[in-house]
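Q: Here it is, the structure in full.
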Amino acid sequence: MIKRNLKKLVYYLWCLYGLMGPRLRLNAQELVTVLITYYSPARLRHVNHLTRNLLKCEFVGKVVISCHNPEVKIEEHVTVRDRRVTLLNQNVRRACGYRWDVAREFSPEYLIVIDDDIVLFPWQLNVLFEKLLREPDLPHGLSGMIHMEDGALQFHQRENIEVHYLTEIYAVTKNHIEQYFEMIKTFGEQDPALPAEIEYLGDFVVISQTGPLHPRIHRAGRIFRDDTYNVQGMANHKEEQFSKIVDKVARAVKNMRPQLFDLHHRESI
């Protein structure tokens with residue numbers, strides 16, 4: 001009961017910050033594009049609060065909100081009006097990996113992609129963008145997975161470490177996005193079915209391995225999630241094919257870039 005009430009309090013504080021909180025600035029000229037893609041109407045209940053919090057960051061140059069469920073019109077849910085906000089409706093159903101196609105259309109120099117069940121505070125975005133600017137060659141995040149030798153996926157968060165795969169939040173550059181599509185093209189030449197499987201459940205594996213070294217996650221406070229983050233039928237990691245597809249995609253990536261699958265130094269600087 002105490003944990004549930006504390007979570008509610010944090011949620012209300014998050015909503016309040018989006019309405020009345022101070023703006024955040026960085027001592028840098030660079031701007032970042034933030035992309036969120038939605039499918040389930042249940043998760044859209046947070047979209048306006050999240051958008052307001054993102055717009056509190058003056059280093060956010062654009063917020064792109066794309067709906068991949070043609071039965072839902074995103075403009076009917078987003079009431080925040082700001083020149084930095086772009087709303088998109090996809091006219092066919094798309095899986096989560098299609099977000100990188102959307103990102104590529106905007107060709108941002110710096111991009112942060114946020115899963116639609118994440119409740120993110122502005123200062124957490126601040127921490128993440130600073131890390132990306134400091135080491136732009138690497139993908140960065142706030143949570144991730146280490147692929148163990150026995151095939152198990154070990155989840156990590158609130159740590160400064162190297163991981164194999166980022167999850168939930170992805171801070172990347174234009175070069176990472178282009179590398180992602182180069183890898184997808186190569187995979188498709190080797191196995192025509194693999195690109196569709198990557199778009200369905202495995203995109204996080206590929207985007208995480210687009211740098212010269214391991215991606216890194218960073219400590220930036222607790223990550224809060226919507227209650228649906230662990231619900232069958234809404235959470236990708238609860239899909240029946242999740243482990244099978246992740247293993248298949250991981251093998252393809254490992255064959256292409258085997259040097260990236262030895263974790264000798266797990267702690268980030």
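Q: Return the long-range amide H neighbours of Leu35 (sequence gap of 5 or more, or a different chain), with a cut-off of under 5 Å between placed amide H atoms.
A: Amide H to amide H, under 5 Å and 5 or more residues apart or across chains, Leu35 pairs with Val64, Ile112, Val113, Ile114.
Q: Tell me the net charge near Asp227. Cut-off is 12 Å between Cβ atoms, Asp227 excluded, with +1 for each Lys or Arg and -1 for each Asp or Glu.
A: Overall, the nearby charge balance is +4.
Q: Going down the list Lys7/Lys244; Lys56/Lys244; Lys8/Lys248; Lys8/Lys62; Lys174/Lys254, which pairs span over 31 Å between their C-alpha atoms?
A: Correct reply: Lys7/Lys244; Lys56/Lys244; Lys8/Lys248.
Q: Can you compute the label reach from Asn89? Point 7 Å from Cα along the Cβ direction, backbone N cut-off under 12 Å, restricted to region 38-69.
A: 67-69
Q: Still on this structure: Please compute the net charge surrounding Gly188, taking Lys and Arg as +1 and Asp and Glu as -1 over other residues with Cβ under 13 Å from its Cβ.
A: Here the count lands on -4.
Q: Which whole-Hz ³J(HN,Hα) couplings does region 31-40 yield from phi under the Karplus relation 6.51 cos²θ - 1.76 cosθ + 1.60, θ = phi - 60°, glycine and proline marked x?
A: 3J(HN,Hα) across region 31-40, in whole Hz: 10, 10, 9, 10, 10, 10, 10, 10, 9, 7.
Q: Of Asn255, Asn160, Asn69, which is the most mobile in a GNM of the chain whose springs link Cα atoms less than 10 angstrom apart?
A: For the chain, modelled as a Gaussian network with Cα springs under 10 Å, the answer is Asn255.
Q: Could you work out how much longer the chain between Asn255 and Ala42 gets when fully extended? Use 0.36 nm per residue separation minus the Cα distance between them, nm to one decimal.
A: Full-extension gain reported as 72.8 nm.
Q: Exactly which GluC sites (Glu not before Pro) in region 139-220 are in a DSSP loop and have at most 15 other Cβ atoms within 10 Å?
A: In loop regions of region 139-220 (DSSP not H, G, I, E or B), the sparsely surrounded GluC sites (Glu not before Pro) are Glu149.
Q: Net charge within 9 Å of Val63 by Cβ-Cβ distance, Lys/Arg positive one each and Asp/Glu negative one each, not counting Val63 itself?
A: +1
Q: At 222 nm, what value in deg cm²/dmol follows for the chain if DSSP H runs of at least 4 each add -39500 (n - 2.57) and the sum is divided by all its residues, to the nearest 500?
A: -10500 deg cm²/dmol
Q: Once amide H atoms are placed 1.01 Å from N in the peptide plane, what residues at a sequence separation of 5 or more from Arg158, or on another chain, have their amide H within under 5 Å of its amide H?
A: For Arg158, whose amide H was placed from the backbone, the distant partners under 5 Å are Ala220.
Q: Using a ≥ b ≥ c from the Cα gyration tensor of the chain (square roots of the eigenvalues), is it rounded, prolate or oblate, where a/c under 1.5 gives rounded and otherwise the larger of a/b and b/c decides, a/b for prolate?
A: Rounded.
Read-outs: derived from the displayed coordinates by stated rules, not from any lab. All of these numbers come straight from a predicted model, not from anything done at the bench. Please note: Cβ atoms are built from the backbone with ideal geometry, for glycine as well, and neighbour counts cover all protein chains shown.
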